[in-house]
Amino acid sequence: MSEITRVLVEALPYIQKFKDKIIVIKYGGNAMIDEQLKSSFARDVVLMKSVGMNPIVVHGGGPQIGKTLAEIGKKSEFINGMRVTDGETMDVVRKVLGDVVNTEIVDLIHQHGGHAVGLADKGRCIVSAKKLSTPQGVELGFVGEVDSVEVSAIDASLDAIPVIAPIGIGVDECFYNINADLVAGSIAEALNAEKLILLTNTIGLLDEKERLLTGLDAKKVDELIARGTIHGGMLPKIGCALAAVRNGVKSTHIIDGRVPHAVLLEVFTDGGVGTLITADA
């Protein structure tokens, strides 16, 4: 059997299994910066849509925001990994995520033969937000968390590939900057998605001996957190993954976005390229 034939045969059951299923992909890290990786990601989601799946892209944009702030002479400030977002910074966040990053991703998908629709905050803000509650009264400004998701707006866009910016609007009519992982997880939960895929700059979750953990249930992840195996900057991402699988999402995948076509390799092959997390057995 030739390599091409083997790949197609291996992919077929996954294509059949996930036809018409919703797969939410958080797009960030190196995959958003490197030109070849950007191109391979766009091809991945176009192919998924072409074989009958319903990919939804939620993107970040931290480096682009930081670069724009630096260009206007404003220093980026972070507390516990979260960007302090005053009014001026929020204006930059909206401009960069909505006008630049979101538009670029939509254009990339179009260039590769797909049809995408951008859901940023220009009259199409699909996330209702509230101000993020922080311990010890830490003031982050216009940093929010997801209050609810307007499912109907996403459903109405599923003929195309929705591309969603992580910006929400509150009952106070203020816009809020929200962590893209949290937005992706909330959308996956609201839509009862088949999969939540989180692209990162790591190969996945590692054990104490730095070996990749490929398949875990939520209980095992809890044990790894309790032992300190999972710690630091990975904890918020893992918290998002656990919440998703415990609230109706079939599986969450933490994959290495530095690998070309990482999404296709994770969805269509037996081996995958990261860590798969499911609900408690």
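Every number here is computed from the coordinates shown, using simple stated rules; none is lab data. Bear in mind that the values here come from a model prediction, so they are computed numbers and not experimental data. No Cβ is skipped: glycine too gets one built from the backbone with ideal geometry, and neighbour counts run over all protein chains shown.
Annotation: the antiparallel percentage among DSSP beta bridges lying fully within the chain is about 35. Subtracting the Cα-Cα distance of Lys209 and Arg246 from their residue separation scaled by 0.36 nm leaves 10.5 nm.
For segment 104-222, rounded, prolate or oblate, judged on the Cα gyration tensor with a ≥ b ≥ c (square roots of eigenvalues), a/c < 1.5 rounded, else prolate if a/b > b/c? Mind showing how you got there, number by number?
Working: a/c = 1.95, a/b = 1.15, b/c = 1.70.
It is oblate, given that a/c is not under 1.5 and a/b is not larger than b/c.
To make sure I understand the rule: partners must be aspartates and glutamates, Cα under 12 Å from the Cα of Lys95, and not fewer than 8 residues away in the same chain. Which ones qualify? Those aspartates and glutamates meeting the cut-off are Asp121. All alpha carbon pair distances within the chain were sorted into 10 Å bins beginning at 0; the resulting P(r) in whole percents reads 7, 29, 37, 21, 5, 1, 0. Which one of Asn179, Thr200, Ile33 has its Cα pushed farthest toward the positive end of the charge dipole of segment 3-278, where Lys and Arg give +1 and Asp and Glu give -1 at the Cβ? The residue sitting farthest along the positive end of the dipole is Thr200.
Enumerate the residues in segment 163-188 having an amide nitrogen under 20 Å from the point lying 7 Å beyond the Cα of Ile72 toward its Cβ. Hits in segment 163-188 for Ile72 at 20 Å: 165-170, 174-179. Would you please state which residues of segment 242-281 a label at Arg6 would reach in this model, taking the label point 7 Å out along Cα→Cβ and a backbone N cut-off of under 15 Å? Under 15 Å, as judged by backbone N against the label point of Arg6, lie 269-272 of segment 242-281. All Cα-Cα distances of segment 1-131, cut into 5 Å bins from zero to the largest, leave 2, 9, 15, 19, 17, 15, 9, 6, 4, 3, 1, 0 percent in each bin in turn.
Do any of Lys26/Lys130; Lys26/Lys49; Lys75/Lys130; Lys19/Lys49 go past 18 Å between their Cα atoms, and which?
Values: Lys26/Lys130 21 Å; Lys26/Lys49 16 Å; Lys75/Lys130 25 Å; Lys19/Lys49 9 Å.
Violating the 18 Å Cα-Cα cut-off are Lys26/Lys130; Lys75/Lys130.
For each pair in Lys74/Lys237; Lys74/Lys220; Lys17/Lys220; Lys38/Lys250, compute the distance between the two Cα atoms and list the pairs where it is over 32 Å. From Lys74/Lys237; Lys74/Lys220; Lys17/Lys220; Lys38/Lys250, over 32 Å: Lys74/Lys220.
Near Gly141, the amide H atoms lying under 5 Å from its own belong to Thr85; only residues 5 or more places off or on other chains count, and H is placed 1.01 Å from N. Computed about the Cα centre, the dipole magnitude for segment 3-278 is approximately 360 debye when only Lys and Arg (+1) and Asp and Glu (-1) carry charge, each at its Cβ. Taking 0.36 nm per residue of separation and subtracting the current Cα-Cα distance, fully stretching the chain between Val51 and Leu235 would add 62.8 nm.
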